[in-house]
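Remarks on the structure that follows.
Values in this text are rule-based calculations from the coordinates and carry no lab data. Note that the structure is predicted; figures quoted are calculated from it, not measured. Heads up, the Cβs are rebuilt from the backbone with ideal geometry, glycines too, and the neighbour counts pull from every protein chain shown.
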Amino acid sequence: MSEIPNDLKYTRSHEWARLEEDGTVTVGITDHAQSLLGDLVFVELPKMGQPLDIEEQCGVVESVKAASEIFSPIAGEVLEINDALIEQPELVNSSPFEDGWLFKMKPDDHNSGWDSLLSPEHYAEMAEE
Amino acid sequence: MNQKTPLYDQHRQAHAKMVDFGGWDMPLHYGSQLQEHHQVRQNAGMFDVSHMTLLDLTGPYATDFLRHLLANDVGRLRTPGKALYSCLLNPQGGVIDDLIVYFQTPEQFRMVVNAATRDKDLAWITQQAQHFKVEVALRDDLAMLALQGPRARELTLPQLPTSLQTAAASLTPFQACWEGDFFIGRTGYTGEDGFEIMLPNSQVIALWQQLLAIGILPIGLGARDTLRLEAGMSLYGNDLDEDHSPLESGLEWTVAWQPADRDFIGKTALQLQKNQHAHPILVGIVLTEKGILRTHQPLLIDGNEQGYITSGSFSPTLGISIGLARLPKQTAYPTVTVDIRGKKLPVKVVKPPFVRQGQACIDLSS
């Protein structure tokens with residue numbers, strides 16, 4: 001059974017989002033998603049400063065087997081990307097919720113969409129289907 | 001309901017991720033496709049390939065039949081056990097399937113064809129065989145294991161039936177020996193040395209467990225695909241299909257034009273295509289920048305779409321992405337780019353294989 005931390009929010013497209021103490025939001029893909037994809041060998045991330053809409057396609061993770069698009073969980077601006085993944089995409093497999101984070105965002109002040117994200121319980125139900 | 005090989009429960013016990021492959025429940029990987037790939041390149045791995053279709057072709061005219069049926073020439077085989085790789089063509093020269101045929105006697109051959117093409121292969125071969133009074137027997141009572149890797153033969157040999165060990169140890173590449181229904185070929189689909197073993201379904205679980213116990217790890221179909229791609233070997237349905245001839249699929253070397261008086265199905269169409277000098281060819285491609293080549297991605301020459309990738313993936317051995325691609329025949333390819341989700345990236349055209357026996361075969365420096 002894959003790990004679904006309690007302190008995160010989730011999307012139907014298997015991203016997770018963490019609200020940090022400074023108000024920024026960190027984004028990654030779930031343990032369930034990385035396990036379905038298998039060994040990751042390539043990650044394409046959004047650009048720094050790029051504005052993103054809710055559910056906007058903003059990156060790609062590719063395993064040996066398949067490519068999977070990344071969608072922004074919320075509306076906001078890209079503050080930072082996880083450069084380590086360029087050389088070590090496998091961090092997403094080994095540590096999807098910590099070292100394998102994808103990018104950080106500054107949420108829009110209005111209608112960032114945070115409140116519409118899935119709770120851990122809701123995501124767990126969805127992932128089981 | 002998918003078909004299951006006799007090793008299905010063994011795969012589940014080894015925590016395989018099972019997937020549908022041509023109507024069969026097969027192991028994709030047992031944890032990490034990348035580690036399994038390296039295991040075969042560096043040591044030894046074991047594949048359940050019991051989904052493949054095994055046929056025995058028997059009759060006084062079996063040799064004549066196969067010389068008519070196949071684009072490669074079994075008439076070249078003199079030593080019992082010698083194997084031949086060939087395309088099975090339709091009259092238009094399109095590839096119905098690619099296969100391996102083992103010469104046992106001039107009246108007895110064993111053939112291994114793909115799982116996904118089983119029904120159409122059987123229909124075609126059986127229909128053609130009628131004219132030659134050749135009996136085509138489906139061997140669903142046999143399972144098949146592939147043992148591949150630099151250490152595969154030395155590790156496997158002591159586990160084989162005692163009476164076959166000496167013969168198996170002295171096999172040359174692409175040769176087989178057998179005793180009853182236990183059949184051992186020095187063949188494979190990875191670019192490494194090794195064996196492919198056919199044996200009764202009732203005996204395969206014991207051999208599998210025996211080989212596991214001495215440290216040969218199970219390898220899934222995921223790694224099988226990256227291994228064969230690195231070795232520059234074709235996958236039916238990707239690099240080969242009925243709409244393309246062997247000349248368009250990198251397999252002209254498997255077409256036996258000589259002796260000229262041999263007629264085989266598809267020969268007229270192939271000769272016409274060869275004489276017109278206008279057919280596309282299959283090449284190897286390498287992406288030197290970051291990104292992954294995928295099957296069906298378009299290729300551009302001087303900015304114009306002129307071809308496509310037939311097989312693309314990440315090469316675990318080389319650490320970059322590689323592929324096979326169909327392009328117009330040119331003397332050189334200075335300006336080929338791939339379109340990956342709208343992004344145009346340069347690719348280098350190379351001659352496969354990319355990797356053989358653990359070593360890179362292409363120059364990545366320039």
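Listed values, structure above:
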| quantity | calculated |
| --- | --- |
| GluC sites (Glu not before Pro) restricted to DSSP loop in segment B:203-289 with at most 16 other C-beta within 10 Å | B:242, B:289 |
| Farthest positive-ward along the protein assembly as shown dipole, Cα basis, beta-carbon charges - from B:331, B:295, A:67 | B:331 |
| Net +/- balance of residues flanking residue B:65 in space, Cβ distance below 15 Å, scoring K and R +1, D and E -1 | -3 |
| Debye intensity ratio I(q)/I(0), log10, segment B:187-269, q values 0.12, 0.19 Å⁻¹ (C-alpha model) | -0.59, -0.99 |
| Whole-number D in µm²/s for segment B:53-104 (Stokes-Einstein; Kirkwood sum over Cα pairs; 4 °C, 1.567 mPa s) | 112 |
| Helical contribution to [θ] at 222 nm, DSSP H n ≥ 4, -39,500 (n - 2.57), averaged over chain B, rounded to 500 | -6500 deg cm²/dmol |
| Inter-chain shielding of A:36-43 (mean C-beta neighbours from other protein chains, 10 Å cut-off) | 5 |
| For segment B:87-140, radius of gyration divided by Kirkwood radius, i.e. Rg to Rh on alpha-carbons | 0.94 |
| Rg to Rh, two decimals, where segment B:71-161 supplies the alpha carbon set and Rh follows Kirkwood | 1.01 |
| Volume per residue that the Cα convex hull of the protein assembly as shown spans, once the total is divided by residue count, Å³ | 160 |
| Selection of trypsin sites (Lys or Arg not before Pro), segment B:300-366, meeting DSSP coil and at most 15 other Cβ within 10 Å | B:329, B:341 |
| Relative counts (whole %) of C-alpha pair distances in segment A:9-108, using bins that are 10 Å wide | 18, 56, 25, 2 |
| Percent of Cα pairs exceeding the 33 Å cut-off, where the set is chain B | 30 |
| Cα centroid of segment B:79-134 to Cα centroid of segment A:1-64, whole Å | 49 |
